Amino acid sequence: MDPPISPTAQNPPDAQIDHAASLTYWNSVSADTTGMLGGFPQTSRIDLQGSSNFLAKLRRAARPSPSGTAGASLPRLNRVADCGAGVGRVTNGFLRNVADTVDVVEPVVKFTDAIARDGDNNNTHDSSRKEEDTPRGRIGEIINLGLQDWHPSPNTYDLIWNQWCLGHLTDAQLVEYLVRCKAGLVQGSSATPAWIVVKENMSTDAWKRDIYDEVDSSVTRSDEKFRDLFKKAGLKVVAADLQRGFPRDLFPVRMYALRPE
Ligand code: SAH
């Protein structure tokens with residue numbers, strides 16, 4: 001059976017994305033976790049824990065400890081990027097616990113002002129901190145750009161984290177952006193690989209169509225669409241997992257770890 005309204009090649013959902021409208025929406029939202037999570041701040045802790053577990057599993061699989069001790073601590077990452085970072089929820093709650101430097105990319109200045117204001121003291125929502133004396137990484141560059149305009153420096157990042165922001169890019173912009181991110185990864189050895197991580201809502205459309213959201217002018221893509229775009233960017237999915245523990249009425253959320261083909 002055909003879907004009731006089939007998006008045509010002339011009118012795909014991502015053709016409706018309007019960056020100016022997105023920025024107007026985000027500038028109207030409060031610069032806090034509630035604003036970032038569309039009124040579901042209670043999901044932040046679960047989200048950060050899920051991200052922390054996903055990355056730890058990925059890193060352990062890439063670098064099995066010689067003794068096989070699952071609990072052995074992982075070395076800190078050198079430099080990572082938090083993309084579409086908002087008020088730094090992921091930066092402060094997770095990435096600064098695992099990396100020495102976190103660069104922040106976010107187009108909305110009032111959000112990055114909040115990061116700059118309380119960045120060094122902000123220990124909230126850091127559910128992945130297990131020990132009081134875990135060193136905290138520093139916030140590096142703050143870059144006020146949309147990801148469609150950001151060109152990461154080549155050979156720079158151990159991890160490029162993209163969460164709940166890629167729906168603001170059209171399909172074509174997303175592929176081009178991912179190609180640039182691929183070049184932005186450090187060319188480590190196989191024992192210390194670098195990754196792009198994408199953590200996004202998944203379309204629940206019965207026909208697997210992307211869903212346009214006029215509130216913030218973004219699209220919610222299907223798993224199939226994401227995988228297709230990753231492939232077009234020359235990236236392979238080396239791990240993927242659904243976030244567990246979110247309220248049932250929210251979109252499912254999937255994490256993908258990507259490496260150059
Ligand atoms: N990743 C953060 C924030 C999610 S809210 C977190 O998980 O808490 C979505 C963020 O995407 C907002 O901060 C918004 O300003 C930002 N955004 C909007 N348009 C964008 C674009 N074109 N490129 C990058 N980020 C964008």
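Given the options 147, 166, 174, 159, name the one that is over 22 Å from residue 26 (Cβ atoms) and open to solvent by less than 20 Å² (accessible area, probe 1.4 Å). Outline the logic, then answer.
Details: 147 fails: over 22 Å from residue 26 (Cβ atoms); 166 fails: over 22 Å from residue 26 (Cβ atoms); 174 fails: over 22 Å from residue 26 (Cβ atoms).
Residue meeting the stated conditions: 159.
Conditions (1) open to solvent by less than 60 Å² (accessible area, probe 1.4 Å); (2) touching a residue at least 24 places away in the same chain (Cβ under 8 Å); (3) within 16 Å of the ligand (Cβ to nearest atom), marked per residue:
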position	(1), (2), (3)
151	no, yes, yes
193	yes, yes, no
200	yes, yes, yes
207	no, yes, no
242	no, no, no
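For residue 228, are the conditions met, namely being farther than 20 Å from residue 95 by Cα and part of a loop (DSSP other than H, G, I, E, B)?
no
What number of residues in the range 61-78 are open to solvent by 80 Å² or more (accessible area, probe 1.4 Å) and either at pLDDT below 60 or touching an Asp or Glu at 6+ places or on another chain (Cβ under 7 Å) (or both)?
2
For the range 142-179, which positions are closer than 21 Å to residue 36 by Cβ and among the small types (Gly, Ala, Ser)?
Correct list: 146, 167.
The values are calculated or read from the model by the stated rules, or taken from the named source; none is laboratory data. Values in this document were obtained by computation on a predicted structure and should not be read as measured data. Backbone-built Cβ (ideal geometry, glycine too); neighbour counts: all protein chains shown. Surface accessibility is based on the protein's heavy atoms, side chains included, excluding ligands, DNA and RNA. Shrake-Rupley method; radii C 1.70, N 1.55, O 1.52, S 1.80 Å.
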